[in-house]
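Report on one structure; see the data block that follows.
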Amino acid sequence: MLLNLWTILTWAALLMACYGLGRPLLRGILPPMREPLEVAVWSLMLGALGYGLLFSLLGLLGWLSYWFILFATILGGYGTLLEWMRPQPPEWLLLEPRPLAQVESWRYLAAPPWWLSALLGVLAVIALGCSFISALAPPTAGDALCYHLQLPKVFLESGSLIHLPDSERSTFPLLVSIWYLWALALDGPVCAGLVHWSLGVLFAAATAVLASPLIGRPWGWIAGAVVLLVPGVHNQMTAPLNDLGVAVMGVLMLAAWCGLLWRSEHDGWKTLLGLAAGGALSIKYNALLLVVVLILIWGIYAWRHRQGWQLWRMQVGWVLIIALSVSGMWYVRAAWHRGNPVYPYADSVFSMAGANTDADAPDPMPATKRPLGTNPLLWFSAPWELTMSPEKFGGRSHQWGFLFLAFMPGLLFVRRLRGLGWLLMIASGYAVLCFFLRQNLRFFLPILPLLALAVAWVLAEISRGPRWGKVAIAVVFLGMGCFSSAIAARRSLPHWEVAIGTESRQEYLMRHEPTFYIAQVANLILSPESRILSQELRAFYFDSALVRESVFRQRTGYPQRIPPGKSLGTYLQEEGFTHVLLASSLTPGGIVYDSTLSDLVHQQGDLSEDEKIIPLQTSEVRDADGVLRRYELWQLPLTHRHSSAAVMRAQSLTERSFQ
């Protein structure tokens with residue numbers, strides 16, 4: 001319990017530091033805002049972006065250190081205390097947003113029934129609370145342990161954003177990983193999970209910020225609650241990934257664009273738009289699609305309202321300069337190390353241009369990632385397929401539920417809302433590009449707030465109808481919300497014991513993380529300087545360097561390059577490895593490991609002791625999905641010899657099988 005309390009306090013300190021840096025920046029960019037929600041959301045975004053840029057630049061220079069990170073955090077927290085001590089203007093207490101110049105339809109809307117707002121708020125709080133409980137458990141998500149947490153751990157240990165040739169994601173945009181590095185430096189992986197949970201809350205709050213000027217604050221809160229009750233969102237909040245990060249920056253980018261068009265032409269909105277776009281581009285490549293679509297729709301809007309191409313070019317140019325200034329270092333870094341600024345995408349294009357790219361790299365967008373194909377006629381079934389068969393598009397853990405399929409058609413029968421059409425055009429354009437490239441529900445998260453806004457508008461229009469009809473529809477709406485919050489509650493059940501402290505984090509990981517036991521054994525009997533060639537991708541809980549065998553094989557083609565007369569063990573030793581970790585699934589339905597390395601190790605033949613790979617430890621673990629996995633740790637010949645005391649401790653950890 002005390003360990004979790006310390007983690008929560010550390011996480012709160014990170015939020016305070018972000019606000020302490022972001023609030024003065026916001027005050028300098030835009031005149032003081034009246035709404036507390038807007039102030040909090042934009043301040044946290046600017047602060048997080050500022051700290052991310054600072055630590056990224058220090059990492060590129062090789063100057064990352066725990067003490068500087070701690071000092072910067074304390075300084076930001078002190079800034080928050082100064083902000084709280086400042087006298088606040090009277091308008092700080094106002095809850096109604098300032099009306100937009102051209103979007104005033106919400107002024108003719110009745111507020112949602114109190115019981116609808118109250119019950120929906122309760123459901124959203126339940127989903128939030130249960131996802132928070134799950135976030136307090138040590139991370140076990142595969143992607144998090146492969147690179148979202150593993151990369152910042154390596155960067156922090158080295159004090160630099162080093163290039164890892166056998167980790168293809170080490171040259172991706174890594175702003176969210178830098179935030180996780182911040183959390184790892186001050187606490188650990190659970191704090192990193194709470195950082196991503198915070199991004200989910202910020203995602204819902206940013207949706208309310210976007211929606212409120214169009215439909216009013218009460219209905220804006222409804223739109224934010226709709227986002228929180230999406231199963232894929234509150235499931236994402238439980239693991240340190242990066243999808244919610246790009247979604248938050250995307251919705252804030254659209255909120256700044258709406259502010260520029262419909263609130264005022266103050267240069268601050270252009271600056272905020274550029275910063276949010278730069279933040280999104282610093283997190284994930286799919287933000288490029290959103291920026292391209294936004295610029296195109298912006299051009300159509302300028303032509304439609306006769307604003308002049310010169311003004312449009314100046315505004316877009318200003319935004320792009322800021323966005324590239326924020327995110328450019330990640331693309332320059334990728335181009336420097338990979339010969340391709342968007343590696344591994346468009347590798348063929350840069351190879352034709354003469355860049356030194358990896359011609360043998362696998363296709364990052366195979367046809368299997370596009371279940372509906374690229375025929376636009378098949379896309380008309382996309383809403384049904386995405387809702388009813390989410391396992392085809394990334395898995396049921398990322399599903400959106402039935403809410404949008406049930407209420408979005410209502411747009412055909414309600415009044416037109418000024419501004420909503422332009423936002424839905426952006427959503428449609430982005431969805432089309434995603435369908436051409438990669439059809440995954442996680443990639444559609446940036447447009448989720450636009451659909452939530454549409455659902456809130458349909459509900460607002462229904463509230464003008466006959467009493468019993470609107471009550472019946474509200475009950476159906478709340479029923480769908482109950483189903484979603486029940487999913488969050490059910491997912492949290494295995495995590496309550498570790499969250500409240502009745503189970504230690506080590507015991508939890510022994511039960512839920514298949515690599516934890518073999519990682520503990522390796523950490524005990526190997527030195528930190530050891531280097532393991534591994535079939536298993538989850539590297540975070542290993543103290544020694546773990547190199548993915550699939551990427552190493554792709555880069556070197558080692559099975560064909562072993563000279564005649566030289567053993568596998570000798571060759572791998574010359575490549576700098578000291579050990580080998582083999583992995584296999586013993587029951588059907590689990591992950592399928594490539595057997596190239598396993599076959600080579602098990603087919604060594606008659607070799608001398610100086611050439612033979614020696615088995616050290618074997619464990620069989622049943623993972624959370626019920627699949628039995630086997631891990632085998634082998635030692636290469638003539639490598640680091642562990643002490644006899646370490647051997648005795650390893651022998652005391654008898655071979656175990658978790659059924």
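The values are calculated or read from the model by the stated rules, or taken from the named source; none is laboratory data. In this text the structure is predicted, and so the values were computed from the model without any measurement. All Cβ positions, even for glycine, are placed from backbone atoms using ideal geometry, and neighbour counts span all protein chains on display. Quick note on the areas: whole protein, heavy atoms, side chains included, nothing else; ligands and nucleic acids left out. Shrake-Rupley method; radii C 1.70, N 1.55, O 1.52, S 1.80 Å.
Output the residues belonging to the stretch 274-301 that are buried (at least 16 other Cβ atoms within 10 Å of the Cβ) and over 30 Å from residue 170 (Cα atoms).
297, 298
Residue under question is residue 390, and the condition is that it be under 24 Å from residue 301 (Cα atoms) and touching a residue at least 40 places away in the same chain (Cβ under 8 Å); does it hold?
The answer is no for residue 390.
Take the conditions at pLDDT 95 or above, part of a helix (DSSP H, G or I) and either open to solvent by 40 Å² or more (accessible area, probe 1.4 Å) or more than 25 Å from residue 341 (Cα to Cα) (or both) and apply them to residue 324. Does it pass?
yes
Inspect all residues belonging to the stretch 56-79 and state whether any of them is among the polar types (S, T, N, Q) and modelled with pLDDT under 95.
Yes, there is a match, as at least one residue in the stretch 56-79 is among the polar types (S, T, N, Q) and modelled with pLDDT under 95.
Specify which of the listed residues (616, 581) is closer than 19 Å to residue 167 by Cβ, open to solvent by less than 60 Å² (accessible area, probe 1.4 Å) and assigned to a strand (DSSP E or B).
The conditions single out 581.
Does any residue of the stretch 558-571 turn out to be open to solvent by less than 50 Å² (accessible area, probe 1.4 Å), modelled with pLDDT of 90 or more, assigned to a helix (DSSP H, G or I) and out of contact with any helix residue (DSSP H, G or I) (no Cβ under 6 Å at 6 or more places or on another chain)?
No, the stretch 558-571 contains no residue that is open to solvent by less than 50 Å² (accessible area, probe 1.4 Å), modelled with pLDDT of 90 or more, assigned to a helix (DSSP H, G or I) and out of contact with any helix residue (DSSP H, G or I) (no Cβ under 6 Å at 6 or more places or on another chain).
When residues of the stretch 541-552 are filtered for being open to solvent by 20 Å² or more (accessible area, probe 1.4 Å), modelled with pLDDT of 90 or more and not aromatic (Phe, Trp, Tyr), how many remain?
The qualifying residues number 4.
Results for (1) free of Cβ contacts under 8 Å to residues at least 12 places away in the same chain; (2) open to solvent by 60 Å² or more (accessible area, probe 1.4 Å); (3) in a helix (DSSP H, G or I), shown as yes or no for each residue.
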site	(1), (2), (3)
44	no, no, yes
49	no, no, yes
53	no, no, yes
57	no, yes, yes
64	no, no, no
71	yes, yes, yes
78	no, yes, yes
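Go through the stretch 242-268 and report how many residues are crowded, with 23+ Cβ neighbours inside 10 Å and farther than 20 Å from residue 452 by Cβ.
Residues flagged as crowded, with 23+ Cβ neighbours inside 10 Å and farther than 20 Å from residue 452 by Cβ within the stretch 242-268 amount to 1.
Which of (1) closer than 20 Å to residue 614 by Cβ; (2) of a type in the set (Ser, Thr, Tyr); (3) touching a residue at least 40 places away in the same chain (Cβ under 8 Å) does residue 585 not meet, given it meets every other one?
The single condition residue 585 does not satisfy is (1).
Of the residues in the stretch 302-321, how many are open to solvent by 40 Å² or more (accessible area, probe 1.4 Å) and of a type in the set (S, T, N, Q)?
Of the residues in that region, 2 qualify.
Can you tell me which residues in the stretch 140-184 are under 13 Å from the mean Cα position of the chain (by Cα), assigned to a loop (DSSP other than H, G, I, E, B) and within 25 Å of residue 512 (Cα to Cα)?
Hits for the stretch 140-184 are 141, 149.
Go through (1) open to solvent by less than 30 Å² (accessible area, probe 1.4 Å); (2) within 22 Å of residue 503 (Cα to Cα); (3) at pLDDT 95 or above for residue 179 and report which single condition fails.
So residue 179 meets the others, but not (2).
Taking the stretch 495-518 only, how many residues are surrounded by 15 or more Cβ atoms within 10 Å (Cβ to Cβ), part of a helix (DSSP H, G or I) and in contact (Cβ under 8 Å) with a residue 24 or more places away in the chain?
13
Give just the number: which of (1) out of contact with any Pro (no Cβ under 8 Å at 6 or more places or on another chain); (2) over 21 Å from residue 276 (Cβ atoms) does residue 233 not satisfy?
Among (1) out of contact with any Pro (no Cβ under 8 Å at 6 or more places or on another chain); (2) over 21 Å from residue 276 (Cβ atoms), residue 233 violates only (2).
Taking the criterion of being basic (Lys, Arg), part of a helix (DSSP H, G or I), open to solvent by 10 Å² or more (accessible area, probe 1.4 Å) and in contact (Cβ under 8 Å) with a residue 24 or more places away in the chain, would at least one residue in the stretch 528-540 satisfy it?
Scanning the stretch 528-540, I find no residue that is basic (Lys, Arg), part of a helix (DSSP H, G or I), open to solvent by 10 Å² or more (accessible area, probe 1.4 Å) and in contact (Cβ under 8 Å) with a residue 24 or more places away in the chain, so the answer is no.
Yes or no, residue by residue, for (1) touching a strand residue (DSSP E or B) at 6+ places or on another chain (Cβ under 7 Å); (2) farther than 23 Å from residue 326 by Cα; (3) open to solvent by 10 Å² or more (accessible area, probe 1.4 Å); (4) touching a residue at least 40 places away in the same chain (Cβ under 8 Å):
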| position | (1), (2), (3), (4) |
| --- | --- |
| 168 | no, no, yes, yes |
| 193 | no, yes, no, yes |
| 208 | no, yes, no, yes |
| 216 | no, yes, no, yes |
| 221 | no, yes, yes, yes |
| 236 | no, yes, no, yes |
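Restricting to the stretch 20-42, and then to whatever is within 15 Å of residue 75 (Cβ to Cβ) and touching a Gly at 6+ places or on another chain (Cβ under 6 Å), can you tell me which residue is surrounded by the most Cβ atoms within 10 Å (Cβ to Cβ)?
Among them, the one singled out is 22.
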